[in-house]
1. Which of the trypsin sites (Lys or Arg not before Pro) across region B:23-103 are loop residues per DSSP, with 14 or fewer other Cβ within 10 Å?
2. Counting only other chains, and only Cβ atoms inside 10 Å, what mean value do you get across the residues of B:17-25?
3. Kindly write out, for region B:63-75 in residue order, the coupling ³J(HN,Hα) from the Karplus curve 6.51 cos²θ - 1.76 cosθ + 1.60 (θ = phi - 60°), rounded to whole Hz, with x marking Gly and Pro.
4. Considering every residue in A:95-102, what mean count of other chain Cβ atoms within 10 Å of its Cβ is obtained?
5. Quick one: if the Förster radius is 25 Å, what FRET efficiency do residue A:22 and residue A:119 give, using the C-beta to C-beta distance and rounding to 0.05?
6. Using the 4.7 Å Cβ rule, please list in number order the cysteines from chain A without any candidate partner.
7. Would you mind checking which residues have amide H under 5 Å from residue B:81's amide H? H placed 1.01 Å from N; only 5 or more apart, or other chain.
8. Mind checking the mean number of beta-carbon atoms from other chains within 10 Å of the Cβ atoms in A:40-53?
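The numbers here are math on the coordinates, done by the rules we state, and not lab data. Treat the numbers as computed from the prediction; the structure is a model and nothing was measured. Virtual Cβ from ideal backbone geometry, glycine too; neighbours counted across all protein chains shown.
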2 protein chains.
Amino acid sequence: MPYKEEGSAPFKAISRQILFADPALKCELRYFEMAPGGYSTLERHEHVHAVMILRGQGHCLLGTEVRPVAAHDLVSVPAMTWHQFRAPPDEPLGFLCMVNAERDKPQLPNDDKLGRLRATPQIAAFLDGRPIP
Amino acid sequence: MPYKEEGSAPFKAISRQILFADPALKCELRYFEMAPGGYSTLERHEHVHAVMILRGQGHCLLGTEVRPVAAHDLVSVPAMTWHQFRAPPDEPLGFLCMVNAERDKPQLPNDDKLGRLRATPQIAAFLDGRPIP
């Protein structure tokens, strides 16, 4: 299915599959896959994510850090922490994400917040899809 | 970590890793791996399981059916449904399992129930670790 409603948030070349959304379970399990060069929305929210990289490699921005990620890595995204996943130019990146079924709506960074994130050279390179210095 | 307390239930050559058990999440994500010939406990309970096969192949008993499973297959285990996973003699089987953090204790089959399950030739072969007819 489409990742999000077109135009609702910045993202690129990413698909979302809901693997489990059973009313008897209080979480959902989703699979996201980014084509080479694709990325998820940069966002934050009160609910947390439990991520397991399933395929390929790439980078993730988590708070004020950029980290390489590869298959079977685990990433905990805490509450109200900016996060984004990016596939490299030449490889897809796929990950599982467990999340509470009841959750708040994601927030997007405004220009001021984005400027402050970009002040970190690693984050600016990550956001521009350049090699991380 | 050990799969279960030794002697508390029948199982063989299986390990359990808790990948995510965050108080902010209402589910846990666990990884189970059976060595070749290993199997999980045959059990049922009110809580449901959401399973994704991650590695290898094998069979699962679900209710009154035995099904082959392989990497990336999804298995929903409904409430009060007998279930067991088995690795083949020559290959490991690994799967992720999402489950509610709050859940009831598993029930084991008594001899009578086990006898009724064994009346199905496929299930008898599965339980004995023989090729499924």
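1. In loop regions of region B:23-103 (DSSP not H, G, I, E or B), the sparsely surrounded trypsin sites (Lys or Arg not before Pro) are B:103.
2. 5
3. x, 10, 10, 10, 10, x, 10, 8, 3, 6, 5, 10, 10
4. 3
5. 0.05
6. A:60, A:97
7. Sorted by chain and number, the residues that satisfy this are B:45.
8. Mean shielding count: 2.
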